[in-house]
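Visitor: Input: one structure, supplied below.
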């Protein structure tokens, strides 16, 4: 979880209520709504309703709830594990809340969050599977909207499938080895032949398929996924990357991968930082290669998280070669590379009809050699150049390209922390680019785009590079979403 993320004021839990008394106080629609919600559980309902409305009376009769046809008294709460005040009378709801709290019983007062110890969620019921959606009382309608969407996504067969899983749990623990093998068994159980049989309504076939899965549980084989974590924003992660994170035993991640992305993995997954930043390498590339091979040989399912795309300046080639040599299965999952994120932040077309029809991805360090790299000729001929670089090489990039013949007036755009809310955007010309070296406040990853296509960008929220030498380091950041 990001350090800046808003924290929950109400922590969601599932409370055991089987055979326990739950008291609802109220005569009308609010009490009926709570009765219907609690009626999905195996709790014993006690409804205190001196003058119940017809719908509530009918519901109590049909569902066997205990009806206390008396005016409320604190004695009615005796032995309850939960209390609901649903009288529509603020003073009475407050008294019920005070009585429950005095007795040490958690209480919920309908539409009165200040009187609540807990909040009832919108519920998707696939017993024993349940999905609860809460808003801490702030938006019940929103919770119902989310519930409706989730309800459409979850097959009605998930309940029977979960019941079958529960009946096989002891057997699976005896037969299938702990760790990766057991997780894979359950993954196949919930997505493979047993799930398909339950969906078709054939419980016997589902049980046979599950038994076969247990009997032929394969030896554990390691697998490495080289996954692009994207430029920083966690919602730019691909669905495949998210699924692999949830299946991983180990997450090996670089320094530029945000904590929020790493946190999308299983809570019990081992997390190994191997970050390489300028001047501070926690592990060499050879050590990372050896680590991945060792984890694969141990039968681990590993996600190797790389900032951006693994195949763009991610040194994935070396890791793939090491895994191939060791015969460790692996796959590559693309990610959004920083150049695309920066272009999106600037609404900048990397190709522009009649202006630029080619793109070059490079690093500023390519320009530090004695000779210009081949791509410099492409830049001069009109290609858009996306430079993955820190501000420290900005002057080298500018001076070498100008010396090679690129006009000092060529348009330039710069983004720090592309895709994140704290991103900053600048624009100017190639002649302005060296001013970045004086910007000691630019501590995040910097992406520079050079070429005539930059003229197509939306620069309304961008600042001129030429004036940046005069801007104080304490200037507020561009934090628009």
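The values are calculated or read from the model by the stated rules, or taken from the named source; none is laboratory data. This is a predicted model, so every value here is computed, not measured. In this analysis, Cβ positions are derived from the backbone assuming ideal geometry, glycine residues included, and neighbour counts consider all displayed protein chains.
Visitor: Could you check residue 94 against (1) farther than 27 Å from residue 129 by Cα; (2) assigned to a loop (DSSP other than H, G, I, E, B) and say which number it fails?
Guide: If we test residue 94 against (1) farther than 27 Å from residue 129 by Cα; (2) assigned to a loop (DSSP other than H, G, I, E, B), just (2) comes out false.
Visitor: Note down all Cβ pairs under 6 Å where the first residue falls in segment 202-230 and is over 14 Å from residue 180 (Cβ atoms), the second is surrounded by fewer than 22 Cβ atoms within 10 Å (Cβ to Cβ) and at pLDDT below 85, and they're at least six residues apart or on different chains.
Guide: So the pair list comes out as 213/188.
Visitor: I need the full set of residues from segment 13-26 which are closer than 14 Å to residue 106 by Cβ, assigned to a loop (DSSP other than H, G, I, E, B) and touching a strand residue (DSSP E or B) at 6+ places or on another chain (Cβ under 8 Å), in order please.
Guide: Answer for segment 13-26, where residues must be closer than 14 Å to residue 106 by Cβ, assigned to a loop (DSSP other than H, G, I, E, B) and touching a strand residue (DSSP E or B) at 6+ places or on another chain (Cβ under 8 Å): 14, 15, 17, 20.
Visitor: Output yes when any residue across segment 257-264 is under 20 Å from residue 445 (Cβ atoms), in contact with a strand residue (DSSP E or B) (Cβ under 6 Å, 6 or more places away or on another chain) and either in the same structural domain as residue 344 (by TED's automatic domain parsing) or without any contact (Cβ under 8 Å) to a residue 60 or more places away in the chain (or both), and no when none is.
Guide: Looking for residues that are under 20 Å from residue 445 (Cβ atoms), in contact with a strand residue (DSSP E or B) (Cβ under 6 Å, 6 or more places away or on another chain) and either in the same structural domain as residue 344 (by TED's automatic domain parsing) or without any contact (Cβ under 8 Å) to a residue 60 or more places away in the chain (or both), one finds at least one in segment 257-264, hence yes.
Visitor: Let me ask something else about it. Residues in segment 99-110: is at least one closer than 30 Å to residue 249 by Cβ, modelled with pLDDT of 90 or more and in contact with a helix residue (DSSP H, G or I) (Cβ under 7 Å, 6 or more places away or on another chain)?
Guide: Here is the first cut: in segment 99-110, the ones closer than 30 Å to residue 249 by Cβ are none.
Scanning segment 99-110, I find no residue that is closer than 30 Å to residue 249 by Cβ, modelled with pLDDT of 90 or more and in contact with a helix residue (DSSP H, G or I) (Cβ under 7 Å, 6 or more places away or on another chain), so the answer is no.
Visitor: Output yes when any residue across segment 72-80 is in contact (Cβ under 8 Å) with a residue 40 or more places away in the chain, under 42 Å from the mean Cα position of the chain (by Cα) and surrounded by 15 or more Cβ atoms within 10 Å (Cβ to Cβ), and no when none is.
Guide: Within segment 72-80, one or more residues are in contact (Cβ under 8 Å) with a residue 40 or more places away in the chain, under 42 Å from the mean Cα position of the chain (by Cα) and surrounded by 15 or more Cβ atoms within 10 Å (Cβ to Cβ).
Visitor: Can you tell me which residue in segment 231-246 is nearest to residue 179 (Cα to Cα), limited to those that are more than 11 Å from the chain's Cα centre (by Cα) and surrounded by 18 or more Cβ atoms within 10 Å (Cβ to Cβ)?
Guide: Restricting to residues being more than 11 Å from the chain's Cα centre (by Cα) and surrounded by 18 or more Cβ atoms within 10 Å (Cβ to Cβ), the top hit is 244.
Visitor: Could we say that residue 317 is assigned to a helix (DSSP H, G or I) and surrounded by fewer than 21 Cβ atoms within 10 Å (Cβ to Cβ) here?
Guide: Yes, satisfied.
Visitor: Another question about this same structure. Would you confirm whether or not segment 56-63 contains a residue that is part of a loop (DSSP other than H, G, I, E, B) and either over 17 Å from residue 96 (Cβ atoms) or modelled with pLDDT of 95 or more (or both)? I'd like the intermediate steps shown before the answer.
Guide: Of segment 56-63, the ones part of a loop (DSSP other than H, G, I, E, B) are none.
So far as segment 56-63 goes, no, none of its residues is part of a loop (DSSP other than H, G, I, E, B) and either over 17 Å from residue 96 (Cβ atoms) or modelled with pLDDT of 95 or more (or both).
Visitor: Would you point out the residue of segment 128-170, among those that are in contact with a helix residue (DSSP H, G or I) (Cβ under 7 Å, 6 or more places away or on another chain) and part of a helix (DSSP H, G or I), that is surrounded by the most Cβ atoms within 10 Å (Cβ to Cβ)?
Guide: 161
Visitor: Can I ask one more? Before we move on, is residue 88 part of a loop (DSSP other than H, G, I, E, B), surrounded by fewer than 16 Cβ atoms within 10 Å (Cβ to Cβ) and on the phi > 0 side of the Ramachandran plot?
Guide: yes
Visitor: What residue, among those in segment 457-470 that are at pLDDT 90 or above and not in a loop (DSSP other than H, G, I, E, B), is surrounded by the fewest Cβ atoms within 10 Å (Cβ to Cβ)?
Guide: We begin by selecting, within segment 457-470, every residue at pLDDT 90 or above; these are 457-464.
After this cut, where a residue has to be not in a loop (DSSP other than H, G, I, E, B) as well, the list is 463-464.
Working: 463: 17, 464: 14.
Filtering first and then ranking leaves 464.
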